[in-house]
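Structure first, then comments.
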């Protein structure tokens, strides 16, 4: 009788865990689509590399203490990505599911944000944004294993026509 109760409890825990993971994924997807994070991610991609050329901007990152996200929007992205790393590292969100949704983005963001993180680590140490780093390393490995994404086997891809490929390739060659 006790054995049956233990099995029932384990099954119930497994279902609860699945429900909790779904809730967590829905919550982080909601946060991801929010205007503050979207603005920060756009800033990271379009402005951060140029801003890091400014010594005063870099000094802000090198200083200990609070870094104003109004001046440094990359902090919003770093903080969110670090939190995501913690969730994946602690297995609160399935790594496979997370990577399906965000793997390419994580690698892209790490490429753009790691120079700023390197500056912050000068005085703050290697632990600064270590969970984001963990996530980026795991995402890179996941993408190496799954370069075409994941799909149930057997899966036949749909043909996707690109009517502008020749025109865009020619335009790129002229630049």
For residue 127, only one of the following conditions fails: (1) at pLDDT 95 or above; (2) assigned to a loop (DSSP other than H, G, I, E, B); (3) more than 24 Å from residue 69 (Cβ to Cβ). What is its number?
(3)
Which is under 23 Å from residue 135 (Cβ atoms) and modelled with pLDDT under 95, of 29, 74?
29
Quick one: count up the residues across the stretch 47-56 that are more than 14 Å from residue 122 (Cβ to Cβ) and under 24 Å from the mean Cα position of the chain (by Cα).
5
Out of the stretch 81-97, which residues are crowded, with 20+ Cβ neighbours inside 10 Å and not in a helix (DSSP H, G or I)?
93
Those residues of the stretch 131-167 which are touching a helix residue (DSSP H, G or I) at 6+ places or on another chain (Cβ under 8 Å) and either surrounded by fewer than 11 Cβ atoms within 10 Å (Cβ to Cβ) or part of a helix (DSSP H, G or I) (or both), in sequence order
131, 132, 133, 134, 135, 136, 138, 139, 140, 142, 143
Name every residue in the stretch 18-59 that is loosely packed, with under 10 Cβ neighbours inside 10 Å and either touching a strand residue (DSSP E or B) at 6+ places or on another chain (Cβ under 8 Å) or within 16 Å of residue 109 (Cα to Cα) (or both), in order of residue number.
33, 50
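The values are calculated or read from the model by the stated rules, or taken from the named source; none is laboratory data. As the structure is a prediction and not an experimental result, all values here were calculated from the model. Here the Cβ is made from the backbone with ideal geometry for all residues, glycine too, and neighbour counts use every protein chain on show.
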